[in-house]
């Protein structure tokens with residue numbers, strides 16, 4: 001993991017969410033240039049703020065750093081939905097996933 005990964009990941013997630021740097025900065029309670037400074041490489045968020053950013057995107061820190069998942073927010077929502085299903089419905093969804101992967 002590099003500083004560039006953190007900057008790029010925040011930008012990727014922000015664009016997927018459809019919010020501007022200014023809006024995200026405002027939503028996180030910072031000045032308008034906060035996210036711009038991160039994205040441009042002028043600064044990095046401290047660990048506590050990285051947790052807030054993950055919460056903002058509704059993902060875990062593990063999902064933030066998982067390079068194999070391009071849209072962790074969507075995956076997290078699918079997992080949360082799956083948790084609410086009974087076993088037979090979960091099995092049906094798993095079968096559909098397996099069929100789509102073939």
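Looking only at residues that are in a loop (DSSP other than H, G, I, E, B) and closer than 14 Å to residue 13 by Cα in segment 39-67, which one is modelled with the lowest pLDDT?
Among them, the one singled out is 67.
So residue 60 ticks every box in (1) free of Cβ contacts under 8 Å to residues at least 24 places away in the same chain; (2) loosely packed, with under 10 Cβ neighbours inside 10 Å but one. Which box is left unticked?
Condition not satisfied by residue 60: (2).
Condition first: in a loop (DSSP other than H, G, I, E, B) and closer than 20 Å to residue 21 by Cα. Now tell me which residues in segment 68-80 satisfy that.
Correct list: 70, 71.
Per-residue answers, yes or no, for (1) within 18 Å of residue 65 (Cα to Cα); (2) over 15 Å from the mean Cα position of the chain (by Cα):
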{"site": "2", "(1), (2)": "yes, yes"}
{"site": "15", "(1), (2)": "yes, no"}
{"site": "29", "(1), (2)": "no, yes"}
{"site": "34", "(1), (2)": "no, yes"}
{"site": "37", "(1), (2)": "no, yes"}
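The values are calculated or read from the model by the stated rules, or taken from the named source; none is laboratory data. What you see is a predicted model; the values in this text were computed from it and never measured. Cβ atoms come from the backbone with ideal geometry, glycine included; neighbour counts cover every protein chain shown.
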